[in-house]
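A.B. asks: Quick one: this structure, given as structure tokens, is what I'll be asking you about.
The values are calculated or read from the model by the stated rules, or taken from the named source; none is laboratory data. What you are looking at is a predicted structure, and each value in this text was computed from that prediction instead of being measured. Positions of Cβ are generated from backbone atoms using ideal geometry, with glycine treated the same way; all protein chains shown enter the neighbour counts. These accessible areas exclude ligands, DNA and RNA; they are computed on the full protein's heavy atoms, side chains included. Shrake-Rupley method; radii C 1.70, N 1.55, O 1.52, S 1.80 Å.
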Amino acid sequence: FSLDTDWSDVIVTSVGRAVTLPCVDWPLMGFVTINWKRKSPGMHDWKLVLSASEKERFFGSAAKAYMQLADSNFHKTGNFSLRFAPQSEDEGRYSCLISQQKKKLREKIILLVILTVSVFPSSPVPQQSTLLLTAEVSPGFAISRVTWLSPGGTPLRMAKTLGVVVAKLPQIRPNDQGKYICHFHPRGNSSTPLFPFSVDVAVHGVNVVSFTNITHGVLKSTASVSQYPLTITCSPKKGDYVLLYWRPPDKKSEITSLIYEYDRWRDRTTTPQLSLDGLKSSPKDGLFSFLVHPRLNDGGLYICEVFLDDTVFSQRTQLSILQVNAGPSLSCLVLTCQYTERSQVKQVLWKHQNKSRTLNWSALNPGRLSTEVVLPPTKETAGIYTCSMELKNGLKIKAVYTITLPPKENTESPGSVSPPYPESNSTSFLPSLSALLLLVPLVAAVAGVLLLRQKTLSRRGIEQSLSHYSGEVENIYENPEDVRQASPQSSVYMDLKPRGDDDVYKELDRYKKSLNLLLSSTSLLATT
């Protein structure tokens, strides 16, 4: 196509819609001739449509029966316009050449653009179907910009190729019905900067679309270590929107729930906690895959459905998750290997880095395999423990747990092993007995100090109490002489009531509590 904007005006119309190509001048005196010629897109030669004068009219090879002058008295009115209802093949440049006595007076080139607007499905549109709004422009180079607007005036996302602009509204609903407007902005010179065309769309109130053209991909069986990144793939081809369904692991029922929905035309999602960042994923271009970091209970069956117009591609992925946990027992460490979606699992095994060593394991519950490591660990029991899982399709994955020896006295700890597996854990143990033996001398020393302090305070406190009350006014004895004269049966009263912060009873009580608390803590450590 020629991209030269040599036209002086642009006219946009649709097929079968009457249009006038304007060519108006002042009324001219004398013998005036009008020649209308046409040049099709991609062609270099002009072909005659019609030639007319006051006395005669001649139609050329490019003429159509429906092409006529807008005013038969053009030589008097100066209106040399051409009027007709164009067909799709009538697009292109039109030249209006005005001559007088074989002398060229004026020439005007008009670019006629044929627009074809279509709506699919036709109204009323079934609910949940994909509405296609298509605008095809010929020649395509004549338009600089095309915009589709919703009934509310919101610009719609569009896909563009040369001369064709498509807007889509997947999962159409009754509130989507109304008048949709297509705005055309012409390129180059034009007396009209904007050409609006509208279509009315009605949505059926009852009928819901039924998708029958469904392609099912081969079931994918896969596995992952807990919280390790994994891609859930969908259709290898582009689509308009995607739905992701999930059935929890180890369920006999085939009932699934919708957990994700994304519409690339509206750029709208319902569950942002999932991520469309999987391998080769380009959501806005219609390529979908999910990046997940699944936990143990996120296994199960995933069904990804990609919709393109009235076709569906469904991909099922069965996912097993492997996870290793460690928990202390009375005298050992229990390593537990858990796995989900057991129906596709062939076997699960515990292994030690020393291949000659055989591990004892137990499986008291489905999906759990446990082995025990006696504490404290030794050179034979420390190291890497690997839980490996094999699916029925031959896929194998591993999860590891690393146990290191306790540090030796006056030497640095050798540290834990870092195996090249997706997930690893490590632990180091210091025997409780060693800690207890370190605390016994400390407790004995503290207890001795407290007892000595208690004895000293007791003696000092009583002496202070008695000497404090030796004054005459508050003497606890009546009179020394009276005491001597008292009978043996007479009582002697000693007042030892609390008399202040340094009182002996408060001091004894406070240190007694401290000693009991320390002895209780020591007893608890010994039990542990």
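A.B. asks: For Gln344, which of the numbered conditions (1) open to solvent by 20 Å² or more (accessible area, probe 1.4 Å); (2) over 17 Å from Ala399 (Cα atoms); (3) in contact with a Leu (Cβ under 7 Å, 6 or more places away or on another chain) fails to hold?
C.D. replies: Result: Gln344 passes all but (1).
A.B. asks: Please state which of the following conditions Ser235 fails to meet, knowing it meets all the rest: (1) open to solvent by 30 Å² or more (accessible area, probe 1.4 Å); (2) part of a loop (DSSP other than H, G, I, E, B).
C.D. replies: (1)
A.B. asks: As an exercise: evaluate Ser123 against (1) assigned by the TED database to the domain that holds Thr161; (2) at pLDDT 95 or above; (3) out of contact with any Leu (no Cβ under 9 Å at 6 or more places or on another chain) and give the number of the one condition it does not meet.
C.D. replies: So the condition that Ser123 fails would be (2).
A.B. asks: In the stretch 27-65, what count of residues is obtained for those that are aromatic (Phe, Trp, Tyr) and touching a Lys or Arg at 6+ places or on another chain (Cβ under 9 Å)?
C.D. replies: 2
A.B. asks: Looking at the stretch 350-393, which of its residues are in a loop (DSSP other than H, G, I, E, B), free of Cβ contacts under 8 Å to residues at least 24 places away in the same chain and open to solvent by 30 Å² or more (accessible area, probe 1.4 Å)?
C.D. replies: Lys355, Ser356, Arg357, Thr358, Asn360, Ala363, Leu364, Asn365
A.B. asks: Just checking, does the stretch 283-294 include any residue being closer than 29 Å to Arg342 by Cα, of a type in the set (Lys, Arg) and either free of Cβ contacts under 8 Å to residues at least 40 places away in the same chain or touching a strand residue (DSSP E or B) at 6+ places or on another chain (Cβ under 7 Å) (or both)?
C.D. replies: Going residue by residue through the stretch 283-294, those that are closer than 29 Å to Arg342 by Cα are 288-294.
Then drop every residue that is not of a type in the set (Lys, Arg), which leaves none.
Looking for residues that are closer than 29 Å to Arg342 by Cα, of a type in the set (Lys, Arg) and either free of Cβ contacts under 8 Å to residues at least 40 places away in the same chain or touching a strand residue (DSSP E or B) at 6+ places or on another chain (Cβ under 7 Å) (or both), one finds none in the stretch 283-294, hence no.
A.B. asks: Spot the failing condition for Lys252; the list is (1) open to solvent by 30 Å² or more (accessible area, probe 1.4 Å); (2) without any contact (Cβ under 8 Å) to a residue 40 or more places away in the chain; (3) within 27 Å of Tyr180 (Cβ to Cβ), and only one is missed.
C.D. replies: Going through the list (1) open to solvent by 30 Å² or more (accessible area, probe 1.4 Å); (2) without any contact (Cβ under 8 Å) to a residue 40 or more places away in the chain; (3) within 27 Å of Tyr180 (Cβ to Cβ), Lys252 breaks only (3).
Here is a yes/no grid of residues against (1) among the aromatic types (Phe, Trp, Tyr); (2) open to solvent by 20 Å² or more (accessible area, probe 1.4 Å); (3) farther than 30 Å from Arg187 by Cβ; (4) out of contact with any helix residue (DSSP H, G or I) (no Cβ under 6 Å at 6 or more places or on another chain):
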{"site": "Gly16", "(1), (2), (3), (4)": "no, yes, no, yes"}
{"site": "Val19", "(1), (2), (3), (4)": "no, no, no, yes"}
{"site": "Met43", "(1), (2), (3), (4)": "no, yes, no, yes"}
{"site": "Val49", "(1), (2), (3), (4)": "no, no, no, yes"}
{"site": "Ala65", "(1), (2), (3), (4)": "no, yes, yes, yes"}
{"site": "Gln68", "(1), (2), (3), (4)": "no, yes, no, yes"}
{"site": "Ser72", "(1), (2), (3), (4)": "no, yes, yes, yes"}
{"site": "Ser88", "(1), (2), (3), (4)": "no, yes, no, yes"}
{"site": "Gly92", "(1), (2), (3), (4)": "no, no, no, yes"}
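A.B. asks: Take the conditions surrounded by fewer than 17 Cβ atoms within 10 Å (Cβ to Cβ), in a loop (DSSP other than H, G, I, E, B), at pLDDT 95 or above and out of contact with any strand residue (DSSP E or B) (no Cβ under 6 Å at 6 or more places or on another chain) and apply them to Gly415. Does it pass? I'd like the intermediate steps shown before the answer.
C.D. replies: Numbers: surrounded by fewer than 17 Cβ atoms within 10 Å (Cβ to Cβ): yes; in a loop (DSSP other than H, G, I, E, B): yes; at pLDDT 95 or above: no; out of contact with any strand residue (DSSP E or B) (no Cβ under 6 Å at 6 or more places or on another chain): yes.
Considered against the rule, which asks whether it is surrounded by fewer than 17 Cβ atoms within 10 Å (Cβ to Cβ), in a loop (DSSP other than H, G, I, E, B), at pLDDT 95 or above and out of contact with any strand residue (DSSP E or B) (no Cβ under 6 Å at 6 or more places or on another chain), Gly415 comes out as no.
A.B. asks: Restricting to the stretch 139-158, what's the tally of residues that are of a type outside the set (Phe, Trp, Tyr) and farther than 15 Å from His183 by Cα?
C.D. replies: Going through the stretch 139-158 one residue at a time, the tally reaches 1.
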